[in-house]
């Protein structure tokens, strides 16, 4: 979707605020929000892509106003409700519905180290023939889907060069909407800065994006 | 007018699905990605997250000890010191560096790192001719196993918006002025590949041990917004 999250190339967002010796979490609630998100992921009721899209659905003014882990909390509440793990009434009251069954945590403390160490690879070991190869010139499609995509606006309809084939990965545009993983090749594609931004930028600079087969066509 | 604005914000919040009513008195009217500027704990957020945690624990969905373990892991065990060890090893051991650049996942796993948000790693090498820097314009993708959770500036609208269109301007704000003939490569983390910059080994560091080298390597250098200096000033950044 053409949302506020798709920020590449925007002006007016201010100067970089660099904090020395920055803590991992600035306040205790941030750590708890982070932990809750992780723990609830283990129910496998949604995908990382669905989480990202849920954050993108936060209206622009809110997206810019609220804090980073506040976005997570807002998104997880929606995911948990859609996933049937809690009801909106429960979230609003903070109290489990009368007679609701007591569940079992999907992530017991003892499993935390193993869960962190194993991760959740997005690569898929399935046959999918690559549509492109290293060295090939490609053009990104000019798409404007209302749903989730990882093809940023600033890189649509642009010509670049495939630098390497990363292998086969799940496709976020479908996976975010529970429409299947649609595994396909992902490539590192190099775009010259001038192709993206015009003649005013440095001639030798470039931007690399990781692009799925469905985002590309031969140039 | 005030009512209208409140209504608009409240509507926006419910559209976003934040089911708990935010305390609108905390609207500061400016972007909040620079959280750290605020010293006062916004009690509404503390209370909201506490209430949510209690609910999930009471429903049996969440093991409180798991939350403690997660927070402890990312506060104390997984952070940029991991990446610094990888970089120092690459500087000290040319064969390791070759493995790191050819197959980052396996080489990083040699030092015991990997997993969540670092399942598919790539290492890009800075040289006098090429300077790499990493961003996620669409959200906040970052190589957790080697750098920990991202700092606020990396997640900020300022960095995400400008790093791709004006990387040299961003680097200047970090105090790094690159020669015009250096090629700047910006890596926008649009997929599940996670990037670690292998900074240039500082001149005059030949006599240092791998452990001493690791102390010099900063988080910012491994994101590609700084160089590694011989002094340890700012090594905690």
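Summary table
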{"item": "Angle between chain A longest axis and helix A:28-41 axis [Cα atoms, degrees, rounded to 10]", "result": "80"}
{"item": "Selected from A:119, A:84, A:12 as most flexible by GNM, with chain A as the system and alpha-carbon contacts under 10 Å", "result": "A:12"}
{"item": "10 Å Cβ neighbours from other chains, averaged over peptide A:37-47", "result": "3"}
{"item": "Pairwise FRET efficiency - residue A:120 versus residue B:54, Cβ, R0 = 22 Å, nearest 0.05", "result": "0.20"}
{"item": "Inter-label distance, nm, simple model (7 Å from Cα along the C-beta direction), residue A:4/residue B:206", "result": "5.4"}
{"item": "Within a Gaussian network of chain A (alpha carbon springs, distance under 10 Å), most fluctuating of A:189, A:126, A:86", "result": "A:126"}
{"item": "Contour excess over end-to-end distance, with Cα ends at residue A:109 and residue A:217 and 0.36 nm allotted per residue", "result": "34.2 nm"}
{"item": "Förster-model FRET efficiency, 30 Å R0, residue B:68 and residue B:46, C-beta, rounded to 0.05", "result": "0.95"}
{"item": "Listed residues A:26, A:131, A:166, most fluctuating in chain A (Gaussian network, C-alpha, under 10 Å)", "result": "A:26"}
{"item": "Stretch gain in nm, segment residue A:144-residue A:19, where the contour uses 0.36 nm per residue and the Cα spacing is subtracted", "result": "41.4 nm"}
{"item": "Estimated distance in nm for a label pair at residue A:159 and residue A:178, the labels positioned 7 Å out from Cα along Cα-to-Cβ", "result": "4.3"}
{"item": "Net lengthening on full extension, residue B:229/residue B:77 (0.36 nm per residue, minus Cα-Cα)", "result": "52.3 nm"}
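Bear in mind these aren't lab numbers, they're just calculated from the coordinates by the rules spelled out. It should be emphasised that the depicted structure is a prediction, and the values quoted were computed from it without experimental measurement. Here the Cβ is made from the backbone with ideal geometry for all residues, glycine too, and neighbour counts use every protein chain on show.
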